[in-house]
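S.K.: One structure is given below, represented as structure tokens, and several questions about it will come after.
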């Protein structure tokens with residue numbers, strides 16, 4: 001049996017999902033309405049959600065180094 005808090009949390013999540021889906025569908029038009037500087041700022045802020053984070057890889061002792 002779900003508690004009242006669990007029901008409210010699930011309802012809130014579903015509502016937020018629906019809001020986000022609508023906003024994502026409107027994103028191309030929203031971006032087009034921005035000036036170049038604002039559009040680049042938004043795109044840069046969204047990049048971490050699209051591309052994996054680049055991490056520095058250091059060779060360990062005994063591993064061949066290829067350039």
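S.K.: Using only the Cα atoms of the range 9-48, what are the Rg and Dmax in Å?
M.R.: 12.9, 38
S.K.: A follow-up question, please. For mean projected area of the Cα convex hull in nm², pick the label among (i) 4.9; (ii) 8.3; (iii) 10.4 that corresponds to the value derived from the coordinates.
M.R.: Comparing each candidate, only (iii) matches the computed number.
S.K.: Work out, step by step, the length gained on full extension between residue 10 and residue 32: first 0.36 nm times the residue separation, then minus their alpha carbon distance; give nm to one decimal.
M.R.: So the chain would gain 4.6 nm between residue 10 and residue 32.
S.K.: Follow-up question, since we're still on this one. For residue 21 and residue 43, what does the FRET efficiency come to when R0 = 22 Å and r is the distance between their Cβ atoms, rounded to the nearest 0.05?
M.R.: Details: r = 20 Å, r/R0 = 0.90.
Once the sixth-power term is evaluated, E becomes 0.65.
S.K.: What angle do you read, to the nearest 10 degrees and between 0 and 90, between the alpha-carbon axis of helix 36-50 and the longest principal axis of the chain?
M.R.: The angle comes out near 80 degrees.
S.K.: Let me ask something else. In degrees between 0 and 90, to the nearest 10, how far off the longest principal axis of the chain does helix 4-33 point, with axes built from Cα atoms?
M.R.: Approximately 70 degrees, to the nearest ten.
S.K.: On to the next question. How large is the helix-only mean residue ellipticity at 222 nm for the chain, computed as the sum of -39500 (n - 2.57) over DSSP H runs with n ≥ 4, divided by its residue count, in deg cm²/dmol to the nearest 500?
M.R.: Numbers: 2 runs with 45 residues, N = 67.
Computed ellipticity for the chain at 222 nm equals -23500 deg cm²/dmol.
S.K.: Could you give the length gained on full extension between residue 1 and residue 57, defined as 0.36 nm per residue of separation minus the Cα-Cα distance, in nm? Mind showing how you got there, number by number?
M.R.: Values: separation 56, 0.36 × 56 = 20.16 nm, distance 4.81 nm.
My answer for the length gained is 15.4 nm.
Computed from the coordinates by the stated procedures, all read-outs in this text should not be read as laboratory data. Bear in mind that the values here come from a model prediction, so they are computed numbers and not experimental data. Positions of Cβ are generated from backbone atoms using ideal geometry, with glycine treated the same way; all protein chains shown enter the neighbour counts.
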